[in-house]
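The values are calculated or read from the model by the stated rules, or taken from the named source; none is laboratory data. Nothing here was measured: the structure is a model prediction, and the numbers come from that model. Backbone-built Cβ (ideal geometry, glycine too); neighbour counts: all protein chains shown. These area figures cover heavy atoms from the full protein model, side chains too; ligands, DNA and RNA do not enter into them. Shrake-Rupley method; radii C 1.70, N 1.55, O 1.52, S 1.80 Å.
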Number of protein chains: 2
Amino acid sequence: MSEEMCERILLAHGGGGILMKELVGRIVAKLGGAGGPLQDSATLPIEGGRISFTTDSFVVSPLFFPGGDIGRLAVCGTVNDLAMSGARPVWLSLSFIIEEGLTFEAFDRILDSIAAAALEAGVVVATGDTKVVERGKADGIFINTSGIGVVPAGVEVSSAFARSGDAVLINGGIGEHGLAIMSRREGIDFGIDIESDTAPLSNITAPLLAGVKTVRSMRDATRGGLASILNEIAEDSKVCIRVVEEAIPVSEAVRKGCELMGYDPLHIANEGKFVAVVAKEDADKALAIMRAHPLGRGAARIGEVAAGPAGVVILKTAFGGERVVDVPYGDMLPRIC
Amino acid sequence: MSEEMCERILLAHGGGGILMKELVGRIVAKLGGAGGPLQDSATLPIEGGRISFTTDSFVVSPLFFPGGDIGRLAVCGTVNDLAMSGARPVWLSLSFIIEEGLTFEAFDRILDSIAAAALEAGVVVATGDTKVVERGKADGIFINTSGIGVVPAGVEVSSAFARSGDAVLINGGIGEHGLAIMSRREGIDFGIDIESDTAPLSNITAPLLAGVKTVRSMRDATRGGLASILNEIAEDSKVCIRVVEEAIPVSEAVRKGCELMGYDPLHIANEGKFVAVVAKEDADKALAIMRAHPLGRGAARIGEVAAGPAGVVILKTAFGGERVVDVPYGDMLPRIC
């Protein structure tokens, strides 16, 4: 086998033979630090109660972008889905679909990133799978992560639980992830660097849930952006959400990038931003807890829940007017996660 | 939008907007019969004890083949991983990576097949995810299923638990899945129809585990075939496994197909066949339980566990000789699952 071939993943690495064993061995070696061995299936001890179960496939393009890569994204995306249900993320599964020809160098970088993110989030990669498809039948690598979390007793969070009078909070500035991807993909120079905000939100939701008993709803603003999740909460809770444009944190760089590209920051994906709806009387306490955490330094109160019109999100614009915040029809930015 | 476009999945269906909501609505409608609603994450009640957690991505080509399709395969593959750990499969997650342009007709057929297989296996699809990538960046559809099962108290099954003297059983004829895929892919006519054996093995492992307390190891013979899993058990348990060629069930059609293609049936993938290692004194009882089940009508005792040489699988050939059963180096048959 030529040296060049040895540096790349081959179709035969997915075939269930000796080469696959070598590939899996490589994965296990890299992820050893992040937790247990990577088995076909894992038997795990559990206490009675409630678990949260979620899945996400990641197809982001490019694989490496300012502030992250597909590996970090795959861990954080699933960890965040668990966190939003009020759970403490515990176990992840990890499944790779690799395009023949991916370099081992790229694969190793992704594995290192997964290991680091899992450590940061405090989750164990418990089980895994690897498939290889022919050149041209995938796009470098796709990663699925599924996750299991434990929901602490007493925690009851749902997009259906927002009530009229509640406060709407966010943990920081929006739009960074989507623009970071686009800037790299299109080779656009915004003049200012924008880095993805990809981060494991469980690290901040844990102290928030521990300190504030009236957290009704939490949602991370991924595909479809802040606009989509506010609409989801408004619909599921049958309430109206009123937000104030000037209160929504948007960095100068994101504002500039959005103007340049003709995007609405409310529609841009994030991977480390979430909305928390809490009882009005706990809003200040919740904000203080969020701001005390590195992932919540830019936290802000952006609006409130009103009784009606149910299912509608209304934005008070900087000019004093009002407009309905709509859900985008299709994809603003394809393959941002 | 043209009629032709309406019949196909678009990139915009993966964008987190209204179109994605419609696509997810379609999935939920189809899978409603198989269990609960398909949420971003599911909160599930659980009793204390042990769970089994597993993941598999399915990239089979073609998507539809004699005896099954990627949907049935995705459910059964993950159900079988859980079953092999001794668990009762309970929940599945379902994540689609769809190539832009897949017809809704094909997608609906796959969803129907998933619903039917989930019902057959008694599992609930609890949570899901959908991504769409550009034409030429995937191959029709890839499906990841992850699964959670409950391991009954007292069940202790592992590929490391085989002991010298144990009997080695299989639930039926090998090689059908791999050859069914190849026959369709290459357009080869074996003269006889070969159908994939894809099936949810939990339906037969449950009565086996309930009736026989000395089940040490169970493994389903997927990628790498019977050869790979026998080697895994031999290695993990540090024992020698001796099998008898004439005792291994292989249908005439498979034998003929393998001769034609130059394959060793021991290396061909199955999706509904498993090996059970049980204590010698329970071998007949185990065989009787297996044969009483539709998935075990062709069950057979194919060999025994010996003390050494450890980690080696030896086949007594039909001609009375002996040979070491090796693990294939790479892929005999790429993308059979």
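In the stretch B:203-212, how many are open to solvent by 40 Å² or more (accessible area, probe 1.4 Å) and within 20 Å of the chain's Cα centre (by Cα)?
Pass one, the stretch B:203-212, residues open to solvent by 40 Å² or more (accessible area, probe 1.4 Å): B:203, B:206-207, B:210.
Next, only the ones that are within 20 Å of the chain's Cα centre (by Cα) stay: B:203, B:206-207.
So the count comes out to 3.
Looking only at the stretch B:268-286, count every residue that is under 21 Å from the mean Cα position of the chain (by Cα) and either open to solvent by 10 Å² or more (accessible area, probe 1.4 Å) or not assigned by TED's automatic domain parsing to the domain that holds B:D197 (or both) and tell me the total.
1
Among the numbered conditions (1) of a type in the set (A, V, I, L, M, F, W, C); (2) out of contact with any Phe, Trp or Tyr (no Cβ under 8 Å at 6 or more places or on another chain); (3) over 16 Å from A:V250 (Cβ atoms), tell me where A:L201 comes up short.
So the condition that A:L201 fails would be (2).
Of the residues A:G257, A:G320, which is in a loop (DSSP other than H, G, I, E, B), away from chain B (no Cβ under 14 Å) and out of contact with any Gly (no Cβ under 7 Å at 6 or more places or on another chain)? Lay out the reasoning, then the answer.
Numbers: A:G257 fails: in a loop (DSSP other than H, G, I, E, B).
Answer to the check: A:G320.
Just one of the numbered conditions (1) on the phi > 0 side of the Ramachandran plot; (2) not assigned by TED's automatic domain parsing to the domain that holds A:V275 is not true of A:G187; which one?
Of the numbered conditions (1) on the phi > 0 side of the Ramachandran plot; (2) not assigned by TED's automatic domain parsing to the domain that holds A:V275, the odd one out for A:G187 is (2).
Would you please list the contacts, defined by Cβ atoms under 6 Å and residues six or more apart or on different chains, that run from a residue in the stretch B:48-62 that is farther than 12 Å from B:G140 by Cα to a residue that is part of a loop (DSSP other than H, G, I, E, B)?
B:G48/A:E47; B:G48/A:G48; B:S52/B:S85; B:S52/B:A87
For every residue, the table says whether it meets (1) of a type in the set (D, E); (2) under 19 Å from the mean Cα position of the chain (by Cα).
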{"residue": "B:E176", "(1), (2)": "yes, yes"}
{"residue": "B:I188", "(1), (2)": "no, no"}
{"residue": "B:L201", "(1), (2)": "no, yes"}
{"residue": "B:T214", "(1), (2)": "no, no"}
{"residue": "B:T222", "(1), (2)": "no, yes"}
{"residue": "B:G225", "(1), (2)": "no, yes"}
{"residue": "B:E245", "(1), (2)": "yes, no"}
{"residue": "B:C258", "(1), (2)": "no, no"}
{"residue": "B:L266", "(1), (2)": "no, yes"}
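Mind counting the residues in the stretch A:233-253 that are touching a strand residue (DSSP E or B) at 6+ places or on another chain (Cβ under 7 Å) and either part of a strand (DSSP E or B) or modelled with pLDDT under 95 (or both)?
Qualifying residue count for the region: 5.
State which residue is surrounded by the most Cβ atoms within 10 Å (Cβ to Cβ) when the search covers only the stretch A:129-146 and only residues that are small (G, A, S) and at the interface with chain B (Cβ under 8 Å from one of its Cβ atoms).
Step by step, filter the stretch A:129-146, then rank; the result is A:S146.
Among the residues of the stretch B:277-317, which ones are part of a loop (DSSP other than H, G, I, E, B) and farther than 21 Å from B:G165 by Cα? Break it down into steps so the answer makes sense when it comes.
As a first pass, look at the stretch B:277-317 and keep what is part of a loop (DSSP other than H, G, I, E, B): B:279, B:292-293, B:297-299, B:307-312, B:317.
B:A292, B:H293, B:R297, B:G298, listed by residue number.
Looking at (1) charged (D, E, K, R); (2) more than 7 Å from chain A (Cβ to nearest Cβ); (3) crowded, with 20+ Cβ neighbours inside 10 Å, which is the only condition B:D56 fails?
Just one mismatch for B:D56, condition (2).
Hey, any hits in the stretch A:64-79 for a residue that's free of Cβ contacts under 8 Å to residues at least 60 places away in the same chain, touching a helix residue (DSSP H, G or I) at 6+ places or on another chain (Cβ under 6 Å) and either open to solvent by 20 Å² or more (accessible area, probe 1.4 Å) or away from chain B (no Cβ under 11 Å) (or both)?
yes
Looking at the stretch A:162-182, I want the residues that are in the same structural domain as A:G224 (by TED's automatic domain parsing) and have a partner that is of a type in the set (F, W, Y) with Cβ atoms under 7 Å, at least 6 apart or on another chain. Which pairs are those?
A:N171/A:F274; A:A180/A:F65; A:I181/A:F65
Working only within the stretch A:86-128, note down all residues that are of a type in the set (S, T, N, Q) and surrounded by fewer than 24 Cβ atoms within 10 Å (Cβ to Cβ).
Result: A:T103, A:S113.
Specify the residue that is nearest to A:R301 (Cα to Cα); the eligible residues are those in the stretch A:260-276 that are part of a helix (DSSP H, G or I) and not aliphatic (A, V, I, L, M).
The extreme case among them is A:P265.
Are any of the residues in the stretch B:41-51 assigned to a helix (DSSP H, G or I), closer than 30 Å to A:P152 by Cβ, in contact with a Gly (Cβ under 9 Å, 6 or more places away or on another chain) and open to solvent by less than 10 Å² (accessible area, probe 1.4 Å)?
No, the stretch B:41-51 has no match at all.
Among the residues of the stretch A:323-336, is there at least one that is assigned to a loop (DSSP other than H, G, I, E, B), within 30 Å of A:A117 (Cα to Cα), within 14 Å of chain B (Cβ to nearest Cβ) and open to solvent by 50 Å² or more (accessible area, probe 1.4 Å)?
yes
Would you point out the residue of the stretch A:158-197, among those that are more than 13 Å from A:C258 (Cα to Cα) and in contact with a Ser or Thr (Cβ under 6 Å, 6 or more places away or on another chain), that is surrounded by the most Cβ atoms within 10 Å (Cβ to Cβ)?
Filtering the stretch A:158-197 for residues that are more than 13 Å from A:C258 (Cα to Cα) and in contact with a Ser or Thr (Cβ under 6 Å, 6 or more places away or on another chain), the one surrounded by the most Cβ atoms within 10 Å (Cβ to Cβ) comes out as A:A162.
Kindly list the number of the only condition in (1) within 11 Å of chain B (Cβ to nearest Cβ); (2) in contact (Cβ under 8 Å) with a residue 60 or more places away in the chain; (3) touching a helix residue (DSSP H, G or I) at 6+ places or on another chain (Cβ under 7 Å) that fails for A:V90.
(3) is the only condition that A:V90 fails.
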